[in-house]
Structures are given as structure tokens and as C-alpha cells.
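Visitor: Please read through the structure below; I'll follow up with questions.
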Amino acid sequence: MDLLESWMQLAFLDADLTPGDLPKLDLYMDQILTLFDEGLAANKRRPSDKLLTKTMINNYSKEHLIMPVRGKKYTRTQMMQLLCILNLKQNLNLADIKALMGRKDASIDFEAAYAKSLEYKENLRQQLPVLLQETFGKLQKPPTEEQLLAMLLALSSGATFLRRLCETAIDKRQENSAS
């Protein structure tokens with residue numbers, strides 16, 4: 001196994017909570033934090049990282065990124081909204097996420113959208129290694145400083161292209177709904 005392939009195996013090793021992993025009953029905030037922390041632990045860069053906090057959930061609620069909380073329990077739909085936000089915030093700012101998800105007139109089936117996104121993600125997980133191997137070829141062990149910098153610059157540019165694609169889609173959606 002070459003160096004790039006071993007890095008991809010580590011980078012593409014993550015965890016997802018599927019809609020089937022979420023309980024059908026409402027949960028208290030501490031229960032959600034435990035569910036997400038345990039279910040998405042493989043997504044942390046460091047074990048001490050927090051993927052979701054009480055403050056984050058409260059802020060998402062105040063910003064209308066999730067439906068208003070009634071009482072102290074969160075519904076399955078609100079949990080799906082939180083999963084979508086956690087995914088999107090890796091690359092988009094909260095203003096873009098709000099433009100996408102925070103519309104009061106939207107009737108989004110968050111569970112269906114999230115489930116479909118997991119299918120797309122798996123497809124990308126299968127196709128990206130082929131593209132990356134074709135682009136970068138085999139890396140020396142250890143790669144030279146120039147090889148490593150060149151590859152990381154290109155990967156960063158690729159991530160930028162994908163973020164801009166998301167931003168363009170959000171901007172065009174807003175333009176279309178304004179007209």
C-alpha cells in the first residue's frame with residue numbers, strides 16, 4: 001500500500017448516524033449530546049474534540065436553524081436538522097446554512113435528504129480514491145517537502161472548488177426564490 005492510499009484510508013474512515021440510529025422518541029439535550037458524541041466519535045480529529053455542545057444547540061435554535069424546541073425535549077426532526085448542520089458546517093458558514101435550512105416557508109424532509117446524502121457520500125468515497133491516485137500517483141515514502149506541499153495545495157484548491165459549488169448552489173437558489 002502506498003503512502004497516499006494509507007492516508008486516504010484514514011481520512012475516509014468516519015462515522016455516520018443513519019436515520020435508523022435515531023430513536024423514534026424525543027430526547028433531552030444531554031441524551032442528544034451523548035448519542036452524537038458516541039455515534040460520531042470517529043469524526044473527531046482528536047479524542048478531546050467536541051462535535052456538538054449545549055451552546056451550539058442553543059445557538060442553532062436561536063438562529064432558527066432547527067425548529068423551535070417545545071419543552072426540554074428534541075424531536076427526531078430536530079435531531080435530523082442537527083445532523084445536517086454538523087455536516088454542512090464543516091465547509092459552509094452559518095449564514096449559508098441558515099439560507100439553506102432556516103427558511104420558515106420550507107417544508108424540507110430532513111430525514112429523506114440526509115439519507116440520500118449518505119448514499120451520495122458513499123458513492124464519492126468509492127470514486128475519490130481513483131481520482132486522487134490518478135492525479136497524484138504514488139508518493140515517495142517519505143514524500144519530499146515539495147511533493148507534500150504541492151499535493152496539499154492542490155487538495156486545498158479542490159476543497160475550495162467544492163465549497164464554492166455549495167455556495168453557488170445556495171446563491172442561485174436564493175436568486176430563484178426571490179424572483
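Visitor: Search the structure for amide H atoms under 5 Å from the amide H of Leu51, placed 1.01 Å from N in the peptide plane, and list their residues when 5 or more places away or on another chain.
Guide: none
Visitor: A follow-up question, please. Whole-Hz Karplus ³J(HN,Hα) for the range 140-155, in order, using 6.51 cos²θ - 1.76 cosθ + 1.60 and θ = phi - 60°, x for Gly and Pro?
Guide: Per-residue couplings from phi come out as 5, 10, x, x, 5, 4, 5, 4, 5, 4, 4, 5, 5, 4, 5, 4 Hz.
Visitor: Which whole-Hz ³J(HN,Hα) couplings does the range 158-170 yield from phi under the Karplus relation 6.51 cos²θ - 1.76 cosθ + 1.60, θ = phi - 60°, glycine and proline marked x?
Guide: With coefficients 6.51, -1.76 and 1.60, one gets x, 4, 5, 4, 5, 4, 5, 4, 4, 4, 5, 4, 5 Hz.
Visitor: Quick one: if you stick a label point 7 Å off each Cα along the C-beta vector at Arg173 and Asp21, how many nm between them?
Guide: 2.3
Visitor: Let me ask another. For a quick check, take a GNM of the chain with Cα springs below 10 Å and name the residue from Met80, Met56, Met101 with the largest mean-square fluctuation.
Guide: In the Gaussian network model the winner is Met56.
Visitor: Same structure again: For Arg164 and Trp7, calculate 0.36 nm times their separation in residues minus their Cα-Cα distance, and state this gained length in nm to one decimal.
Guide: Gain on stretching Arg164 to Trp7: 54.0 nm.
Visitor: Compute the helix-to-body angle for 110-136: its Cα long axis versus the longest principal axis of the chain, expressed 0 to 90° and rounded to tens.
Guide: Roughly 10 degrees between the two axes.
Visitor: Determine, from the Cβ-Cβ distance of Leu152 and Asp14 and an R0 of 25 Å, the FRET efficiency 1/(1 + (r/R0)^6), rounded to the nearest 0.05.
Guide: 0.80
Visitor: FRET efficiency for Leu118 and Lys141, Cβ-Cβ distance as r, R0 = 35 Å, nearest 0.05?
Guide: 0.55
Visitor: Right, another one. Ignoring everything except DSSP H segments at least 4 long, calculate the 222 nm mean residue ellipticity for the chain; use -39,500 (n - 2.57) per segment, divide by total residues, nearest 500.
Guide: So the calculated ellipticity at 222 nm is -20500 deg cm²/dmol.
Visitor: Still on this structure, please answer the following. Give me the distance in nm between label points sitting 7 Å out from Cα along the Cα-to-Cβ direction at Leu128 and Asp109, one decimal.
Guide: Taking the simple label geometry, Leu128 and Asp109 are separated by 2.7 nm.
Visitor: How big is the convex hull of the Cα atoms of the range 22-122, per residue, in Å³?
Guide: Roughly 114 Å³ of hull volume per residue.
Every read-out reported here was derived from the displayed coordinates using simple, explicitly stated rules and does not represent laboratory data. Treat the numbers as computed from the prediction; the structure is a model and nothing was measured. When we count neighbours, we look across all protein chains shown, and the Cβ atoms used for this are built from the backbone with ideal geometry, even at glycine.
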